[in-house]
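Participant: Shown below is the structure under consideration.
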Amino acid sequence: MSAYPSLAPFVQKRPWLRNALKPLANWYANAAGYRQLGLRADDLIVEEDEDVLKALKRLSPQESYDRVYRIRRAMQCSVSHKLLPKEEQTKPEEDVPYLVPLIEQIRAERKEKEALDSMTIIKNH
């Protein structure tokens, strides 16, 4: 349930296009600056959505701890107007989704539940 159309599925189905756009995507992620603060892209997801809150509850204790640590460290960097040393910054290969798959799973479960709840039974005589 996205508020805007996405080209991601189109790009993901075409390896040649995905490979062509990967350098641009990495440049954009680096320009956004969150990796220089030690964050991952999923750390930026706003926690006000009910599905996100449910997904956060499904994180393993270690992943939940790591998320809180990354966010607190980034806030400290922001307050002190400093970036992390290069070796502590998030590398592109470390910036993998960990929350989005859970959010998608929760939304799929909700759609399935809604479909089952709205099902009508027709009896044949």
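None of the figures in this text is laboratory data; all of them are computed from the coordinates on show. The structure presented is a predicted model; accordingly, all values stated were derived computationally and were not measured.
Participant: Considering Cα pairs under 8 angstrom that are at least six residues apart, work out the relative contact order of the chain and quote it in whole percent.
Facilitator: Across the chain, relative contact order equals 32 percent.
Participant: Please find, in a Gaussian network model of the chain (springs between Cα atoms separated by less than 10 Å), the residue of Leu39, Leu17, Leu56 whose mean-square fluctuation is greatest.
Facilitator: With Cα springs under 10 Å in the chain, the top fluctuation among Leu39, Leu17, Leu56 is at Leu17.
Participant: Helix 15-32 versus the longest principal axis of the chain: what is the Cα-based angle in degrees, 0 to 90, to the nearest 10?
Facilitator: That helix lies at roughly 50 degrees to the long axis.
Participant: Hey, what angle do you get for helix 100-117 against the long axis of the chain, alpha-carbon based, 0 to 90 degrees rounded to 10?
Facilitator: Compared with the principal axis, the helix lies near 10 degrees.
Participant: Okay, moving on. To test your reading of the geometry: what angle, between 0 and 90 degrees and rounded to tens, separates the Cα axis of helix 61-80 from the longest principal axis of the chain?
Facilitator: Computed tilt is about 40 degrees.
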